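Each value in this text was obtained by applying a stated rule to the coordinates, not by laboratory testing. Just so it is clear, the structure is predicted and the values come from calculations on it, not from any experiment. Glycine gets a Cβ as well: all are built from the backbone with ideal geometry, and neighbour counts include every protein chain shown.
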């Protein structure tokens, strides 16, 4: 039974084009190909990244910058209010407050203060938020640099190989890049339970699982170049977001505000323009000029569309934040024109880097 299921799962017509078989991806003549067994290394890599995060980077950096949590007054012990807080709502209405006053014998002001202090107890401290943001910023920065180097390495050595043709020899730079990226996202899945809980928690879970599924599929089927491009495009804006958070927590508000505006522009360009109209367009259109459609073709592109839907969701949230940021003038301490010029420059740099390193990937004539 298990053998039958395994044969069906690894049926090459599911994951590979008609003209390609698993035997074509076996090491031979000095050419090394990606193997499914190599993905086992992502688990120890994820655990190592967690150790580095908590013992050698995030916490020591918080100590160096002098990040301390604010002292918060604890809520008084009250079983009635505690039960209501956990079972009903964290923010009671005025009618609810009056009802709780009758049950506890407390005045309204005391009940309101209790709920405020109780909510503060659930909120993550400044030190925890700084540690998480600094870790992500550091990883995204080095991952982005590694992705650019991996793209350059592949472009330099194998210019004539098409993006969606899986007969590609694996390079060491690609292996380590995939290993650390997958290990990082797996570590985020492990740390979801004790990381800062956000409003988009469910979307974060879907994003991490879709990313791991997409990367695993692209690795097993040897579509490594397109997977590298997907990761580089994502990391380019994530660096700025986490960097803005770090500076904001460290009370460099003016710089953080400017970087957040730059992040917004880079996010919109990379996630809403480059990703759908360039990368997804190429993975949908060009493969059909070389192969008939197969299951892996649809599966791969559907996972990319799932990521794009999440991009649209986050783009709406970011747009709302920017609207409040600009028109309510909350912490707006730098001229808007300066922010705009920085955005234009950053977006242009990201576009030029990606275009120059991978423009030859997407034209079908490049693989012929």
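Quick notes on this structure:
- Between residue 73 and residue 196, the simple label model (points 7 Å from Cα in the Cβ direction) yields a spacing of 2.6 nm.
- Compared with the direct C-alpha span, the chain from residue 31 to residue 102 gains 17.8 nm at full extension, assuming 0.36 nm per residue.
- Highest average first, the peptides 288-299, 246-257, 181-192, 231-242 ordered by how many other beta carbon atoms sit within 10 Å of their residues are 231-242, 181-192, 246-257, 288-299.
- Sorting the segments 48-57, 135-144 by their residues' average number of neighbouring beta-carbon atoms within 10 angstrom, most packed first, yields 135-144, 48-57.
- With Cα atoms defining each centre, region 63-87 and region 251-318 are spaced 39 Å apart in the structure.
- Fully extending the segment from residue 83 to residue 109 would add 7.5 nm, taking 0.36 nm per residue of separation and subtracting the current Cα-Cα distance.
- Packing around the peptides 215-225, 88-98, taken as the average count of other Cβ atoms within 10 Å per residue, puts them in this order, highest first: 215-225, 88-98.
- Here the spin labels are modelled as points 7 Å beyond Cα on the Cα-Cβ line, and at residue 217 and residue 117 they lie 5.2 nm apart.
- Residues in region 107-147 that a label on residue 64 would reach, taking backbone N under 18 Å of a point 7 Å out along Cα→Cβ: 127-143
- Label-point separation in nm, residue 327 to residue 51, each point 7 Å along Cα→Cβ: 5.2
- Those residues of region 289-330 whose amide nitrogen sits under 11 Å from the label point placed on residue 11, 7 Å along Cα→Cβ: 295
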